[in-house]
Amino acid sequence: MRLSRYFLPVLKETPAEAQIVSHRYMLRAGMIKQASAGIYSWLPLGFKILRKIENIIHEEQARAGHIAMLMPTIQSADLWRESGRYDAYGAEMLRITDRHERDMLFTPTAEELITDIFRANVSSYKDLPLTLYQIQWKFRDEIRPRFGVMRGREFYMKDGYNFDLTKEDALHAYNRHLVSYLRTYERMGLQAIPMRADSGPIGGDDTHEFLVLAETGESEVFYDSEITDLKFGDREIDYSSRAQCQAVLEEFTSRYARTDETHDEALFNQIPEERRRVARGIEVGQIFYFGTKYSEPMGATVTDAEGNKVPVHMGSHGIGVSRLLGAIIEASHDDKGIIWPEGVTPFHAGIVNLKQGDAEADAACEALYASLTALGLEPLYDDTTERAGAKFATMDLIGLPWRITVGPRGLKNGVVELTSRRTGESEELPPEAAVAKIAAIYGVAKA
Ligand code: P5A
C-alpha cells in the first residue's frame, strides 16, 4: 500500500475523551471513529488488524476441529423466552419491535439460537461431538461504555458452542478450548492467564476467564506470580487426546489465579507471600461448561446407544475480538505510539522515502516495495512529500514492527536503514539484505 493512496486519517492532537492509552492511540492512528456512545466505525487500518486477529482465531479453531458458521445479529425474542433468559437478561439487551409488533432483539450472545439450530438438525449421539462457532457482532447496552473498543456497546465476538453426549465429553471440549485459546493469544503476542471466574448470565459452575495483565484493566485479579512464567510455546497438541488437553488445563490452572468475583483470601494467603500478586487485568475471553441449562428447557436431545432420549451437555466459549485490539495496545506501546506484535501487524514493514522525487531514492523504494510484495508481504510505503520527522512520527504512531528508511546519502554507499520499532535499534545494510532479514522474521521464503 502506498500511503498517498491510503485512507489513514491520523490525528495530531490527543483526543480529550480518551482516558487510556489504547483508546488514544486507536483514535490518533486513524483506526476507529466513534459513531455513537460505545459504537465505532472501523477505519481501514483498524479493520485490517481486526481481520488479522479474526484470521488467527479461525486458524486455531480449525486446528482444534471446530466448525465455522454465521448466525444473524437480529433474533426473535421467542427463543429467549424458551430458555427463560428474555426477562432475566435485563437492560443490557437491546430490544426491538418490528412492524408486525413482534419482539426482536440484537444478539448479546447466541446460546439460544445455536441450540435451536442443533435441535432441528441433530437427533443421534452418532453425530456428536459437535462444536460450532461464529465471529459476529454483538450488542450489549452497557451502562458505562468506555475506553473505546474495550467496553463497547457494539463489539465483535468469537462465540463457540459445544454439544456432547456426556459431561466428560463436554469437559473435554472445555479443555480443548482452553488449549486453543492459549495458542490463539500467544500468536497475538499476548499472555492471557486463565483465571477462575464467575459465570454471570451465561450460567454454569465451570468457567475460566482469560486475562491480560494491564494497569488499565477493569478487573481486579489475584494470582501466584509463578503463573506468568508459563508459556504454551510451539508445542504440538493432539486435540483429540483427552489426556493431553487435560494436562495443559492442569498446568495452566493449578496455581492460584482468580478475579475479584471468586477471590478467596484464605486460599490466596496460603501462597508464599513473595509470590502473591494483586493486579489488574483485561478480560479477553471466557469459557463455560453449563451442562443442560439450555438443552433441557429447549428440548435439544439425542438418542443414546441404548435408545434413550437425553439432553445434550453444552458449553460456550467467547473471545472479545474487537477488545483484543485495545488489549494488545495496552500490552505493547511506548510514548510514541503502538508497537504491533508481528503476528497481528497491519503491514509487515514501513518504507520511508526521505527524499520523495529524487530519482534514485524513488527507484530504490519501488524496488524494495516490489521485492517485499513478491514475497507475499505487505509493505506500507510512505511516498508522500511530508518532512522526514513527520513520516517517522506517523510510522511510530501506527506501530509497524519494522521500518526501512531510504535516503540519497545511504544509497551513495549502497545501504538503507532497517529499524526495529520495539528496540529502536537501527542497522545499515544493502536493500536486498534488508528484504532477506524481513523475510526471515516473517518466515517467508525469499524467491
Ligand atoms: C461465551 C460465548 C459469552 O458471552 N456466550 C457465547 C459466552 N461470554 S462473555 O464472557 O460474556 O463474552 C465473551 C467475551 O466478549 C468480550 N466482551 C466485550 N468486549 C467489548 N465490549 C463489551 N461490552 C464486551 N462484553 C464482553 C470479552 O472479552 C468477553 O470475555
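Tabulated results
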{"quantity": "Potential lengthening between residue 278 and residue 367 on full extension [0.36 nm per residue; Cα-Cα distance subtracted]", "calculated": "26.9 nm"}
{"quantity": "Förster radius 41 Å - calculated FRET efficiency between residue 305 and residue 82, Cβ distance, rounded to 0.05", "calculated": "0.90"}
{"quantity": "Zero-based 5 Å bins, Cα pair distances in region 303-404, whole percents", "calculated": "2, 11, 16, 15, 13, 10, 7, 4, 3, 4, 4, 4, 3, 2, 2, 1, 0"}
{"quantity": "Structure-based [θ]222 nm, the chain - -39500 (n - 2.57) summed over DSSP H runs of at least 4, per residue, nearest 500", "calculated": "-9500 deg cm²/dmol"}
{"quantity": "q = 0.07, 0.11 Å⁻¹: log10 I(q)/I(0) that the Debye formula gives for the chain, counting C-alpha atoms only", "calculated": "-0.41, -0.93"}
{"quantity": "Kirkwood hydrodynamic radius of region 404-447, Cα pairs, Å", "calculated": "10.9"}
{"quantity": "Residue 262 long-range amide H proximity, modeled H, under 5 Å", "calculated": "none"}
{"quantity": "Span-like helix ranges in the chain, DSSP H, alpha carbon extent 20 angstrom or more, Kyte mean at least 0.5", "calculated": "359-374"}
{"quantity": "Net lengthening on full extension, residue 4/residue 342 (0.36 nm per residue, minus Cα-Cα)", "calculated": "119.3 nm"}
{"quantity": "Angstrom value of the Kirkwood radius, inverse mean 1/r, which spans all Cα pairs in region 1-88", "calculated": "16.6"}
{"quantity": "Cα→Cβ-extended label distance, 7 Å offset, between residue 393 and residue 236, nm", "calculated": "5.1"}
{"quantity": "Where only alpha carbons of region 82-181 are counted, the Rg and the Dmax (Å)", "calculated": "16.3, 46"}
{"quantity": "About the Cα centre, charge dipole magnitude for region 94-227 (Lys/Arg +1, Asp/Glu -1 at Cβ), debye", "calculated": "500"}
{"quantity": "Rg/Rh (Cα only; Kirkwood hydrodynamic radius) as it applies to region 275-319", "calculated": "1.31"}
{"quantity": "Within the chain: Cβ-based charge dipole about Cα centre, in debye rounded to nearest 20 (Lys, Arg +1; Asp, Glu -1)", "calculated": "1260"}
{"quantity": "Within region 10-24, backbone nitrogen closer than 18 Å to the virtual label 7 Å beyond the Cα of residue 146 toward Cβ", "calculated": "15-24"}
{"quantity": "Over region 341-447: Kirkwood hydrodynamic radius from C-alpha pairwise inverse distances, Å", "calculated": "13.6"}
{"quantity": "Positive-end residue, the chain charge dipole about Cα centroid, Cβ charges, pick of 66, 331, 165", "calculated": "331"}
{"quantity": "Translational diffusion coefficient (Stokes-Einstein; Kirkwood radius from C-alpha pairs) of region 156-303 at 37 °C, 0.692 mPa s, in µm²/s", "calculated": "201"}
{"quantity": "Selection from 117, 155, 97, by position along the positive dipole direction of region 92-157 (Cβ)", "calculated": "155"}
{"quantity": "Amide H within-cut-off set for residue 315, under 5 Å, with H built and near neighbours excluded", "calculated": "162, 290"}
{"quantity": "P(r) of region 275-363 over all Cα-Cα pairs, binned every 5 Å from zero, in whole percent", "calculated": "3, 10, 10, 10, 10, 10, 8, 8, 8, 8, 5, 3, 3, 3, 2, 1, 0"}
{"quantity": "Calculated FRET efficiency for the pair residue 58/residue 121, C-beta based, R₀ 22 Å, to 0.05", "calculated": "0.45"}
{"quantity": "Electrostatic dipole magnitude of region 343-443 [Cβ: Lys, Arg +1; Asp, Glu -1; Cα centre; debye, to 20]", "calculated": "220"}
{"quantity": "Contour excess over end-to-end distance, with Cα ends at residue 70 and residue 384 and 0.36 nm allotted per residue", "calculated": "109.0 nm"}
{"quantity": "Separation of alpha-carbon centers, region 48-79 and region 366-396, rounded to whole Å", "calculated": "32"}
{"quantity": "Eligible lysines near residue 126 by straight Cα distance, threshold 18 Å, same-chain separation 8 or greater", "calculated": "167, 309"}
{"quantity": "Farthest positive-ward along region 175-281 dipole, Cα basis, beta-carbon charges - from 195, 243, 230", "calculated": "243"}
{"quantity": "Cα pair distances exceeding 15 angstrom across region 1-41, given as percent", "calculated": "44"}
{"quantity": "Of 48/293; 158/437; 52/391; 12/412, pairs whose Cα-Cα distance is over 32 Å", "calculated": "48/293; 158/437; 12/412"}
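Read-outs: derived from the displayed coordinates by stated rules, not from any lab. Here the structure is a predicted model, which is why all the values come from computation and not from measurement. Cβ sites come from the backbone with ideal geometry, for glycine too, and all protein chains shown count toward neighbours.
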